[in-house]
Structures are given as structure tokens and as C-alpha cells.
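In what follows, a single structure is set out as C-alpha cells and then discussed.
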Amino acid sequence: MNSTFCLLAGTILAILTYYGAQGYCMAGMSKQEVKATDDGKLDVVTYCEYKGIRIEVNATKETDDCFRCTCSERYMSCCGYGIHAGVIMPAAGCKIVTGADGCKPLHVKVDDETKDCFSGESVIGK
Ligand SMILES: *[C@@H]1O[C@H](CO)[C@@H](O)[C@H](O)[C@H]1NC(C)=O
């Protein structure tokens, strides 16, 4: 193995780690609140919160900023999806725009954003 290869491998590893730490996936602690029940007892309710959005235990929610968060008894994990799933490289002559839901990545022609880069079909409304 020569030193050029080692340097290249090191660079690729650093980029993956960087994007991992950037938060294409991230985890946080769940929260607990104490609630009084109708019959006057106290109940501990576990839930998760992502940017002010409440997610119940065992539920999964998709957020406006293209993260999919799942709440468990102990922690919440959120992973980017669509445009936030990772690094998406457009093919030559194409560029990436987001679809109607604001998350789905669409490959469109550089000189006409309304046309699919590969099929040439309209992407309006997709
Ligand atoms: C969540 O799912 C686990 C495993 O299926 C279950 O044991 C637990 O009771 C569930 N919690 C809630 C609040 O639904």
C-alpha cells in the first residue's frame, strides 16, 4: 500500500465522519412529564420533542425539515430523509431540486428545472 492511497482513504473516512456528526442522524433523550389522571392519580408520561413537535413513544414523525424521528422510552433518534438522507450528487447536466413535499430530491435538467433530467418528463407537482 503506498502513501497516496492511505491519504485518500483517510480523507474519505474523515468526510463520512463529518457528515455523521453533522446530524444526518442524531439522537436525543426522551422527556417525561407528570400528569394528573381523571381519578386524581399521578401518571408519568414519556414523550419526545423535536423542534417543538411532540412525538409519542413508539411513534415516528416526519418533520418539515426532512427528518424522520422515532421516539422510544429512552431516547429519540432522527435521521434525515429525501434531500437530507446524505450527500446527493447530481449527474452531468442535471441538478437537484426538492419535490412538492419539500424533501424528495428530484434530478432536473440544469437548463430547465421543470423537466426530469433522465426521462425529460415534467416534474411539476412531483
Ligand atoms: C412501545 O412499544 C414497546 C415494545 O413494543 C412496548 O413494550 C411499550 O409498552 C410501548 N409503549 C407505549 C407507550 O406504547
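The table below gives the values:
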| quantity | calculated |
| --- | --- |
| Filtered residue count, the stretch 90-117, keeping only those that are touching a Ser or Thr at 6+ places or on another chain (Cβ under 9 Å) and either among the hydroxyl-bearing types (Ser, Thr, Tyr) or assigned to a strand (DSSP E or B) (or both) | 6 |
| Test result for ASN58, modelled with pLDDT of 90 or more and exposed (fewer than 11 other Cβ atoms within 10 Å of the Cβ) | yes |
| Residue that is nearest to the ligand (Cβ to nearest atom), among those in the stretch 52-76 that are part of a loop (DSSP other than H, G, I, E, B) and free of Cβ contacts under 8 Å to residues at least 24 places away in the same chain | ASN58 |
| Given (1) farther than 30 Å from ILE96 by Cβ; (2) modelled with pLDDT of 90 or more; (3) surrounded by fewer than 15 Cβ atoms within 10 Å (Cβ to Cβ); (4) within 16 Å of the ligand (Cβ to nearest atom), number of the condition ASP39 does not satisfy | (4) |
| Residue satisfying condition, being small (Gly, Ala, Ser), under 30 Å from ILE124 (Cα atoms), over 13 Å from the mean Cα position of the chain (by Cα) and modelled with pLDDT under 90, within set ALA14, ALA85, ALA100 | ALA100 |
| The stretch 42-51, subset within 18 Å of the chain's Cα centre (by Cα) and assigned to a strand (DSSP E or B), residue farthest from the ligand (Cβ to nearest atom) | TYR50 |
| So GLY86, is it loosely packed, with under 15 Cβ neighbours inside 10 Å and either touching a Gly at 6+ places or on another chain (Cβ under 8 Å) or in a helix (DSSP H, G or I) (or both) | yes |
| Filter pass, THR4 being hydroxyl-bearing (Ser, Thr, Tyr) and at pLDDT 90 or above | no |
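The values are calculated or read from the model by the stated rules, or taken from the named source; none is laboratory data. Since we're looking at a predicted model, the values are computed, not measured. In this analysis, Cβ positions are derived from the backbone assuming ideal geometry, glycine residues included, and neighbour counts consider all displayed protein chains.
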